[in-house]
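Shown next, in structure tokens, is the structure this report addresses.
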Amino acid sequence: MLLKALRHWREQRAVGRHAIPDALWQLTLLRYPFLGQHSEEDLAELRRLCSLFLSTKEFHGVDGFEITDEVAVAVAAQACLPVLRLGLAWYDGFVGIVMHEGEVVAQRRFEDEDGIVHEYDEELAGEAMEGGPLMLAWNAVAVSDDPAEFDADAVYNVVIHEFAHVIDMRDGLADGVPPLDSGDARERWIAVIDAEWERFCERIDAGEETLIDPYGAEAVEEFFAVAVEAFFVAPAAMRAEEPAMYELLAGFFKQGPAG
């Protein structure tokens, strides 16, 4: 009882020290409309989690990029949405968040089945690594304040994508299977996501238009991350197009954003 009271006191103090001003919170909800499609109770909890998130994570701007309150709260609000019911402990494995103004070019190399080494450059808007830090490009996170430029059909969300990888890697593996309560639950998860991923890849190979980003065909862990994007950003469309994945994610995240 004493430990619980102490933890509550510490959380309350952290929330107070990192309180988000009303004007900034409302601006964030306007800029990312999918956040505002939740109940007042959920939004109050999301705001509280954001303050706790800001009290435990360290933002670092690269090459002069300034970490303003608007930047930090925009990232925090989108990062905390997936763990609204799960709790911030899912993000305990890292502290640092590195912010760039634009995409980062990373040098990659891999060895194929014949032993030949291939090198190439990859442009990244974000990257999550086990143990951190997590990298984000602000130009992929920021949205325009001009309502005329708002795309209601856009599903892409780099913050949710990378934090989905953090959730996936909590057990040390990036495999599209987050830590689950039991071996049976893990087997059921794998049965669903593998079947849905194979069906998704077939649709991509056939040239079909998909709500979920085609990048999900790269690997099942990427399919998980882009499916989580769609689940939170366009839940009604996700439920209509990918009902099995929607139900799988709804059960895990303990949320039903489509209503």
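The values are calculated or read from the model by the stated rules, or taken from the named source; none is laboratory data. Because the structure is a prediction, the values reported are computed rather than measured. Reconstructed Cβ throughout: ideal geometry from the backbone, glycine too, with neighbour counts over all protein chains shown.
Scanning the stretch 10-64 for residues that are among the aromatic types (Phe, Trp, Tyr) and either at pLDDT below 95 or over 20 Å from the mean Cα position of the chain (by Cα) (or both) yields a count of 0. Considering only the stretch 33-40, I want to know if a residue exists there that is surrounded by fewer than 15 Cβ atoms within 10 Å (Cβ to Cβ) and more than 24 Å from residue 136 (Cα to Cα). Taking every residue of the stretch 33-40 in turn, at least one turns out to be surrounded by fewer than 15 Cβ atoms within 10 Å (Cβ to Cβ) and more than 24 Å from residue 136 (Cα to Cα).
Residues in the stretch 228-252 that are within 21 Å of residue 46 (Cα to Cα) and in contact with a Leu (Cβ under 7 Å, 6 or more places away or on another chain): 228, 230, 231, 232, 234. Residue 27 meets the stated requirement of being surrounded by 13 or more Cβ atoms within 10 Å (Cβ to Cβ) and farther than 17 Å from residue 84 by Cα. Any residue in the stretch 175-192 that is outside any helix (DSSP H, G or I), over 17 Å from the mean Cα position of the chain (by Cα) and surrounded by 14 or more Cβ atoms within 10 Å (Cβ to Cβ)? For the stretch 175-192, residues outside any helix (DSSP H, G or I), over 17 Å from the mean Cα position of the chain (by Cα) and surrounded by 14 or more Cβ atoms within 10 Å (Cβ to Cβ): present.
For the stretch 197-210, the condition of being more than 23 Å from residue 159 (Cα to Cα), without any contact (Cβ under 8 Å) to a residue 40 or more places away in the chain and polar (S, T, N, Q) holds for none of the residues.
The sole residue among 227, 234, 164 that is surrounded by 13 or more Cβ atoms within 10 Å (Cβ to Cβ), under 24 Å from residue 29 (Cα atoms) and without any contact (Cβ under 8 Å) to a residue 40 or more places away in the chain is 227. Looking across 190, 204, 160, one residue alone is within 23 Å of residue 35 (Cα to Cα) and of a type in the set (A, V, I, L, M). It is 160.
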